[in-house]
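Peer 1: Structure incoming, see below.
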Amino acid sequence: MRFGDGEESSNIEDRRGGSGLGGGRSIGIGTVVLALAAWYFGIDPRIVLNGAGVSQVSQTSRAPEQVSAREEERRHFVGRVLADTEKTWGELFRAAGKQYVEPRLVLFRGATQTACGMGQAAMGPFYCPADEKVYIDLGFYDELQQRFKAPGDAAQAYVIAHEVGHHVQKLLGISEKVERARARLPEAKANALSVKLELQADCLAGIWVHYANRERQVLEAGDIDEVLGAATAIGDDTLQRQSRGYVQPDSFTHGTSAQRVQWFRRGFDTGSLPQCDTFRRE
């Protein structure tokens with residue numbers, strides 16, 4: 001993607017310096033989001049819930065540790081992607097007569113404290129609605145390339161745009177409605193609502209790419225194929241087949257590979273928020 005040496009977001013919080021584990025219990029509404037994020041890696045969400053209830057991570061004020069040139073390049077890339085999402089969503093919210101409150105993006109290593117409990121790198125990137133922050137350990141991009149066979153900067157940008165999509169859902173009140181509804185439903189139906197929420201975030205990521213390319217020509221040859229490859233690699237059916245050897249649809253929380261591709265494409269092709277209503281459309 002063409003971001004070059006463009007503007008970087010000022011909403012980056014770098015926690016890659018020292019941190020230590022501290023005691024305490026904290027299980028908030030956002031812990032559920034962390035558990036769902038664990039499905040990116042086929043991790044049992046109960047591990048996340050148990051971890052969030054046992055301990056948190058407290059941050060120190062040390063300066064960031066030395067980082068490799070590769071990781072620093074990724075840090076700048078993430079900053080540019082976030083800045084571009086701010087431009088797109090800021091403009092779309094203004095056009096709708098609303099104010100876009102920009103999220104912060106936290107860089108961390110290993111584990112970090114969030115308002116949703118303890119976040120861990122093994123969960124992959126995630127969004128915490130309780131503090132309106134996106135969290136990512138940049139080492140995830142190695143996993144994306146090596147484990148999921150989804151290389152490329154467009155795939156990396158898609159990951160950020162998906163989490164920013166969850167922030168958009170939070171601002172529009174969608175996430176809160178879904179969580180209230182999930183609390184009243186049996187597990188299988190609650191999971192089905194989670195799938196709709198995740199697919200909508202994919203669609204919102206597609207909307208960002210639509211406008212970013214229309215206004216700033218960010219796409220290069222092969223970029224959309226990279227995104228679709230990443231969406232395919234992290235579908236619930238693909239992850240479960242790889243980790244278990246079989247799929248269990250009632251346990252899906254993010255959607256199948258085909259669904260994730262479909263909804264990203266819908267957002268990208270139309271650039272229309274109403275087209276991303278996964279709760280009414282199939």
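Peer 1: Fully extended, how many nm does the chain gain between residue 7 and residue 147 (0.36 nm per residue separation, minus their Cα-Cα distance)?
Peer 2: Extending this stretch completely gives an extra 47.3 nm.
Peer 1: Also, quick follow-up: Could you name the lysines whose alpha carbon sits less than 20 Å from that of residue 87, not counting residues in the same chain fewer than 8 places away?
Peer 2: Hits, sequence-local ones excluded: 98, 133, 170.
Peer 1: Right, something else. Within a 10 angstrom radius of the beta carbon, how do 137, 131 rank from fewest other beta carbons to most?
Peer 2: Taking fewest neighbouring Cβ atoms as first place, the list is 131, 137.
Peer 1: Highest first, please rank the peptides 201-210, 93-102 by the mean number of other Cβ atoms sitting within 10 Å of their residues.
Peer 2: 201-210, 93-102
Peer 1: Within the stretch 179-217, whose backbone N sits under 20 Å from a point 7 Å along Cα→Cβ of residue 98?
Peer 2: 179-182, 194-212
Peer 1: Right, here's the next one. Sort 158, 246, 211, 135 so the one with the fewest other Cβ atoms within 10 Å of its own Cβ comes first.
Peer 2: Lowest count first: 246, 211, 135, 158.
Peer 1: For residue 14 and residue 188, calculate 0.36 nm times their separation in residues minus their Cα-Cα distance, and state this gained length in nm to one decimal.
Peer 2: 58.9 nm
Peer 1: If amide H atoms are built 1.01 Å from N in the plane of the peptide, which residues on other chains or at least 5 residues away come under 5 Å of the amide H of residue 114?
Peer 2: Close amide H contacts, sequence-distant or interchain: 57, 119.
Peer 1: So, one more: What's the FRET efficiency of residue 251 with residue 67 using the Cβ-Cβ distance as r and R₀ = 45 Å, to the nearest 0.05?
Peer 2: 0.75
Peer 1: Additional query: Could you work out the Rg to Rh ratio of the stretch 100-244, with Rh taken as the Kirkwood radius (inverse of the mean 1/r over all Cα pairs)?
Peer 2: Result: Rg/Rh = 0.96.
Computed from the coordinates by the stated procedures, all read-outs in this text should not be read as laboratory data. Worth saying up front: this structure is predicted, and the values here are computed from it rather than measured. Positions of Cβ are backbone-derived with ideal geometry, glycine not excepted, and every protein chain shown enters the neighbour counts.
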